[in-house]
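Participant: This is the structure I want to talk about, given as C-alpha cells.
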Amino acid sequence: MQPFIVNLNGLTRGSGKLSEVATMEFFESFGNQDIIDADVKVEADIFSHGQSVDVKASLNGTVTVRCDRCWDPLVLPVDCFFDEHYVPEENELDISQDVYDYICTSLPLKRVHEDGLCNEETIKYLNEEI
C-alpha cells in the first residue's frame, strides 16, 4: 500500500496538496518489522513547475516500536519535515520512499522507556546475577 502518490495529470502549474496517514501497513509494505504500530499524518504542499515538482511535507504523529531494554511497546513521537525537488519521468510522483526514509531516520537509535517505565518483571530478570 503506497498512499503517497501524486497524479501529475490533474496538477496544473502552481500548487496542490496531499494529506495522508502512514499506518503500520505502510511500514509493512517496506518490509519493516520494527514498527509495530503507526499513526503519522503527512501533509504535503506540491508545487508544479511543468517539468519538475517541489514537495514540502510535514510528518507528525507517533510510531510504536519495541523497547530495546524490556521489549514492551514504546510509543515514539514523529515530528519532521522534508523539502525535495523531483523531476518525474511519468505522470505520477511517488513520494512513499521519502516519507518512509524521513520517518525512520527521525527515530532515535536507542529506543528505551524513560527511567522507571520499563516492564518491572523484565528488569528484575535482567538485573539477576547468574
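Participant: Filter segment 44-56 down to residues that are surrounded by fewer than 19 Cβ atoms within 10 Å (Cβ to Cβ) and within 15 Å of GLN97 (Cα to Cα), then give me how many there are.
Facilitator: 1
Participant: Starting from segment 28-52, keep only residues that are in contact (Cβ under 8 Å) with a residue 12 or more places away in the chain, then list their pairs with residues that are open to solvent by less than 60 Å² (accessible area, probe 1.4 Å) and charged (D, E, K, R) whose Cβ atoms are within a distance under 7 Å, requiring at least 6 positions of separation or different chains.
Facilitator: Final answer for the pair search is PHE47/ASP54.
Participant: Still on this structure, please answer the following. Can you tell me which residue is nearest to PHE81 (Cα to Cα) among those in segment 109-120 that are surrounded by 10 or more Cβ atoms within 10 Å (Cβ to Cβ) and free of Cβ contacts under 8 Å to residues at least 40 places away in the same chain?
Facilitator: The first filter runs over segment 109-120 and keeps only residues surrounded by 10 or more Cβ atoms within 10 Å (Cβ to Cβ), leaving 111-113, 117-120.
Applying the additional criterion that residues be free of Cβ contacts under 8 Å to residues at least 40 places away in the same chain yields 117, 120.
Values: LEU117: 29, GLU120: 36 Å.
The extreme case among them is LEU117.
Participant: I'd like the full set of residues that are at pLDDT 95 or above, in a strand (DSSP E or B) and surrounded by 14 or more Cβ atoms within 10 Å (Cβ to Cβ), limited to segment 11-39.
Facilitator: GLU20, ALA22, THR23, ALA38, ASP39, listed by residue number.
Participant: Follow-up question, since we're still on this one. Is it the case that some residue within segment 57-78 is of a type in the set (Asp, Glu), assigned to a strand (DSSP E or B) and surrounded by 14 or more Cβ atoms within 10 Å (Cβ to Cβ)? First the steps, then the outcome.
Facilitator: Residues of segment 57-78 of a type in the set (Asp, Glu): 68, 72.
Narrowing the set further to residues that are assigned to a strand (DSSP E or B) leaves none.
No, that holds for no residue.
Participant: So which residues in segment 82-106 are assigned to a strand (DSSP E or B), within 22 Å of THR62 (Cα to Cα) and out of contact with any helix residue (DSSP H, G or I) (no Cβ under 8 Å at 6 or more places or on another chain)?
Facilitator: Start the filter on segment 82-106 by keeping residues that are assigned to a strand (DSSP E or B), which leaves 82-86, 92-94.
Checking the rest, the ones that are also within 22 Å of THR62 (Cα to Cα) come to 82-83.
Across segment 82-106, the qualifying residue is only ASP83.
Participant: Something else about it: Out of all the residues in segment 34-68, which are more than 16 Å from THR105 (Cα to Cα) and touching a helix residue (DSSP H, G or I) at 6+ places or on another chain (Cβ under 6 Å)?
Facilitator: ASP37
Participant: Filter segment 96-130 down to residues that are acidic (Asp, Glu) and within 25 Å of the chain's Cα centre (by Cα) and give me whichever is farthest from LEU18 (Cα to Cα).
Facilitator: Here is the first cut: in segment 96-130, the ones acidic (Asp, Glu) are 98, 101, 114-115, 120-121, 128-129.
Next cut, within 25 Å of the chain's Cα centre (by Cα) only: 98, 101, 114.
Details: ASP98: 14, ASP101: 18, GLU114: 35 Å.
Checking each candidate, the answer is GLU114.
The values are calculated or read from the model by the stated rules, or taken from the named source; none is laboratory data. Given the structure is predicted, the values throughout are model-derived calculations rather than measurements. Here the Cβ is made from the backbone with ideal geometry for all residues, glycine too, and neighbour counts use every protein chain on show. Remember, those area values only see protein heavy atoms, side chains included, never the ligands or the DNA or RNA. Shrake-Rupley method; radii C 1.70, N 1.55, O 1.52, S 1.80 Å.
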